[in-house]
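Please read the structure below before turning to the comments.
Derivation of every value follows stated rules applied to the coordinates shown; laboratory data play no part. A quick note: this is a predicted structure, and the numbers were derived from the prediction, not measured. All Cβ positions, glycine included, derive from the backbone under ideal geometry; neighbour counts span all protein chains shown.
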Amino acid sequence: MSSETAEAMGHFHPEDGDPVPVALCGFARANSDFVELHESPTFFTARHRNGRRTVGLVSGGGSGHEPLHAGFLGEGMLDAVAPGKVFASPHNRQVLEASRHVAGEQGVLHIVKNYTGDRINFGIAAERLRLEGIEVRRVLVDDDIATDSADTATGRRGTAGTVVVEKVLGAAADDGAGLDDLVELGTRVASVTRSLAVASQAQTAIHSGRPAFELEPGELEYGVGIHGERAASSLARPATPELVRRMTGEVLNALPDGADAIVIVNGLGAVTLLELNVIFEYAAREIELRGRRVVGNLVGDYVPALDMRGFSITVTMADAELLALWDAPAFTPAFPNRLVTTSTERRQQ
């Protein structure tokens, strides 16, 4: 997008129209107590690391989803992040250098969202790391039930469930968990985490300044992707309580049985926090009506899609071990720490 187009759309971009390089510098400056920006190639590392950690945790993906992933750098979560261009995978060289920088005595674990570009570039970096003698494994996050179909070649996409995986694995790594244990845990968390997203308006395409797709008045894109991927079909927009009930029910039906749930109501960029709290309340009521308890939650923009007007609902079925790791402290730019009774303690009451 040219600077003239950006200004006409009300955006505040640099003169060359590419917000990513300047935004990365701004993020590093604003969060200099937490992160360090490396260039040529570009990647972030956490400034502080728990001394018990023996495995470096590395993630990454396209820009436009902030605070994912760089907002979760720090003690209790990630060690390094490779940021790509808007909605684009980071280059494998970024992943390679980030992994080299933070590899622990037991190696590196890559947390990868299930997109073709991410899988390819993290895979190439992993092969090069192995040639250098660095042990590396991968946890694949594939929580989006909208693409859980035989018609979808790549399978379920990785979306807001990535936040749960990064948080739980970060806490386990700080407890000294080894590479094999982290892979087992991350795979287990991913298997009990599912998400679904909807949108009433597409994000503004970064290069054209126009909506990425068009909807008729009163229509809803049910099963939208975080890069603006359209669903199989649009539908007439239900009332909000009915919509949230339907979404929550479909997510729960895709999960194994369990008593306790962690819930993320994630804004996709242009939905207000006022609305997200309404959605969370309806989702929590539906979960409780089905005989389960909400014992952990996040409400806010954690994996947005630029300025898309929509939201996603993520549910993780949590056992005692997972809840304790979710409740462990994390010192990052974006993950909230609350000085209140933890969800694990509430569960035991």
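Using the Kirkwood formula on the Cα atoms of the stretch 49-123, what hydrodynamic radius do you get, in angstrom to one decimal?
Evaluated over the stretch 49-123, this radius sits at 12.2 Å.
How large is Rg/Rh for the stretch 102-222, to two decimals, with Cα atoms and a Kirkwood Rh?
1.07
Which number do you get for Rg(Cα) / (2.2 N^0.38 Å) in the stretch 84-130?
The value comes to 1.10.
Hey, with R₀ at 41 Å, roughly what FRET efficiency would Val22 and Ala232 work out to, going by the Cβ-Cβ distance, to 0.05?
So, using R0 = 41 Å, E works out to roughly 0.65.
Enumerate the calculated ³J(HN,Hα) couplings along the stretch 271-285 in order (Karplus 6.51 cos²θ - 1.76 cosθ + 1.60, θ = phi - 60°), each rounded to whole Hz, writing x wherever the residue is Gly or Pro.
Working through the residues one at a time gives 8, 6, 5, 4, 5, 4, 5, 4, 4, 4, 4, 5, 5, 4, 4 Hz.
Amide H neighbours of Gly104 under 5 Å, at least 5 residues apart or on other chains, H built in the peptide plane: list them.
Amide H to amide H, under 5 Å and 5 or more residues apart or across chains, Gly104 pairs with Gly56.
If the viscosity is 1.306 mPa s and the temperature 10 °C, what Stokes-Einstein diffusion coefficient in µm²/s follows for the stretch 182-230 when Rh is the Kirkwood radius over Cα pairs?
In µm²/s, the coefficient is 123.
Name the residues of the stretch 205-221 whose amide N is less than 20 Å from a point 7 angstrom out from the Cα of Glu275 along the C-beta direction?
205-206, 210-221
With just the Cα atoms defining each centre, how far is the stretch 24-100 from the stretch 178-231? Give it in Å.
21 Å
Rg to Rh ratio, the stretch 15-69, alpha-carbon atoms and Kirkwood radius?
Rounded to two decimals, Rg/Rh equals 1.00.
In whole Å, what are the Cα extents of the stretch 1-147 along the three principal axes, biggest one first?
51, 38, 29
Would you grab the residues whose amide H sits under 5 Å from the one on Gly61? Only those 5+ places off in sequence or on another chain, please, with H modelled 1.01 Å from N.
Those qualifying (amide H under 5 Å, at least 5 residues apart or on another chain) are Ala82, Gly84.
Taking just the alpha carbons, could you work out the radius of gyration and Dmax for the chain, both in angstroms?
Spelled out, the Cα radius of gyration and Dmax of the chain are 19.4, 58 Å.
Please express the Cα-Cα pair-distance distribution P(r) of the stretch 205-349 as a list of whole percents, one per 5 Å bin, running from 0 to the bin with the greatest distance.
P(r) for the stretch 205-349, in whole percents per bin: 2, 8, 17, 20, 20, 15, 9, 6, 3, 1, 0.
Add -39500 (n - 2.57) for each DSSP H run of 4 or more in the chain, then divide by its residues: what number comes out at 222 nm, to the nearest 500 deg cm²/dmol?
-10000 deg cm²/dmol
How high is the relative contact order of the chain, in percent, counting Cα pairs under 8 Å that sit 6 or more residues apart?
Details: 777 pairs, mean separation 59.9, N = 349.
Computed over the chain, the figure is 17 percent.
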